[in-house]
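What follows is a short report on a single structure.
Read-outs: derived from the displayed coordinates by stated rules, not from any lab. From a predicted model like this one, the values you see are computed outputs, not experimental measurements. Cβ sites come from the backbone with ideal geometry, for glycine too, and all protein chains shown count toward neighbours.
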Ligand SMILES: Cc1cc2nc3c(=O)[nH]c(=O)nc-3n(C[C@H](O)[C@H](O)[C@H](O)COP(=O)(O)OP(=O)(O)OC[C@H]3O[C@@H](n4cnc5c(N)ncnc54)[C@H](O)[C@@H]3O)c2cc1C
Ligand code: FES
């Protein structure tokens, strides 16, 4: 049996998803490991993958010529990376670099989109999770903008 | 014959034993009584009124270990006249102390629970005594998670102690900053996001929160979205103070005097006031 299905089933992003749908996702999935310092994606590259992190830590960075890499956020086990994959221009807008040894299940975006278009119930389930993820990202960004620790 | 109680309005002289610079504008002072070694008993979360001679008096939380009452410890950020005068004190100099005052963290009433300690910026100072207490009585509690956020790595209080705590097996420490250079090995992101990674059983958890208002507001919302009720959440509030003992009304906040009804409140008791701009 493919061991990706239980990993996906236990991951917060997919928790509670019907096993029929998990099987569709596994069809687009492969395992990847990134050693510390390796990039999962880089600014301007075509966004072909959606990463489900199940071990390790990743820094999401923006590179500035003067300041070098600025870390916007670190993400880790139980989180996902690549939440802009549903929108044009399907390009990464930042760099993501492994901080520790990082294991992910990478999902091929085109494959996922095709399956969403073929089965709208599946598409809805994925969109629901995606919308929740966006809402959390929005809350986090708002909090970050509010200068949390200033008086 | 009845013993005369000390006048709570009269400062007791304390001598500065040690000054440690924590960040660019924040200092930790170790103090001891000027008239000889005497214990200063307090409960985690309480504060003292510190009187800098010639400058004035301000409320400052006690940041030391309640099990080491011979040394009184305060961590002070220089934000104005009085705090600047306190931060400039040198070893051997004297300041006045009144206290301890206020309602403490409920550390002696939460045995059996998982405890989340969530601090932002200087907010770790009033929470540190609570953590000391929890660790001294470690067996009585479930998981203990410290979640601490600051603007940058340079703004973190007690970095050596954070490292020591991080090395313990019976405490999980999550430190996060808003921004950092790429040599920073820990998290970047707001404290609310880290709550996702903490291990706790929502019905058997209490959260102790201290930090700027906006940070506490977002943190309470996040905890409630994880299933905590307002009765399980405690926050520490700040208001300008004069007497510190419920006489002058200077610290009035809605129906409360923060110096005597607070600074620590269970969230359900203040939720109607918490979000208001002016009360
Ligand atoms: C219960 C309690 C516990 C506290 N514990 C600590 C502590 O452990 N360490 C510490 O450094 N400070 C603590 N404070 C805050 C401290 O009392 C104030 O920073 C101090 O009163 C400022 O006095 P000042 O004369 O130095 O500055 P002021 O001249 O009075 O003010 C200078 C600037 O600081 C701002 N300011 C004043 N008071 C506060 C405040 N409470 N919070 C944020 N900004 C403020 C003013 O708006 C002004 O912009 C605590 C306050 C309370 C009520
Ligand atoms: S400071 Fe006087 S009543 Fe609170």
At 0.36 nm per residue, minus the direct Cα-Cα distance, what do residue A:43 and residue A:77 gain on full extension? Give it in nm, one decimal, please. 10.0 nm
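Evaluate E = 1/(1 + (r/R0)^6) for residue A:62 and residue B:240, where r is the Cβ-Cβ distance and R0 equals 51 Å; express this FRET efficiency to the nearest 0.05.
Efficiency, rounded to the nearest 0.05: 0.80.
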C-alpha long axis of helix B:124-136 to longest principal axis of chain B, angle in °: 80
I want to check the label-to-label distance for residue A:100 and residue B:111. Put each point 7 Å from Cα in the C-beta direction and report it in nm to one decimal. 3.5
Inter-chain Cβ neighbour average for residues B:179-191, partner chain, 10 Å: 6
Counting each DSSP H run of 4 or more residues in the protein assembly as shown as -39500 (n - 2.57), what helix-only mean residue ellipticity at 222 nm follows after dividing by all residues, to the nearest 500 deg cm²/dmol? -7500 deg cm²/dmol
Treating the angle as unsigned and between 0 and 90°, give the value, to the nearest 10°, between the Cα long axis of helix B:213-225 and the longest Cα principal axis of chain B. 40
Within a Gaussian network of chain B (alpha carbon springs, distance under 10 Å), most fluctuating of B:99, B:64, B:80: B:80
Calculated FRET efficiency for the pair residue A:142/residue B:38, C-beta based, R₀ 45 Å, to 0.05: 0.40
Extending each Cα 7 Å along its Cβ direction at residue A:135 and residue B:164, get the distance between those two points in nm, one decimal. 4.3
Spacing of the two label points (7 Å from each Cα toward its C-beta) at residue B:252 and residue B:272, in nm: 1.7
What are the principal axis extents of the Cα atoms in segment B:115-243, in Å, biggest first? 40, 40, 33
Would you mind calculating the gained length between residue A:114 and residue A:23 on full extension (0.36 nm times residue separation, minus the Cα-Cα distance), in nm to one decimal? 31.3 nm
Rounded to whole Å, give me the distance from the Cα center of segment B:223-267 to that of segment A:1-68. 43
Helix A:109-118 against the longest principal axis of chain A: what's the angle in degrees, Cα atoms only, rounded to the nearest 10? 40
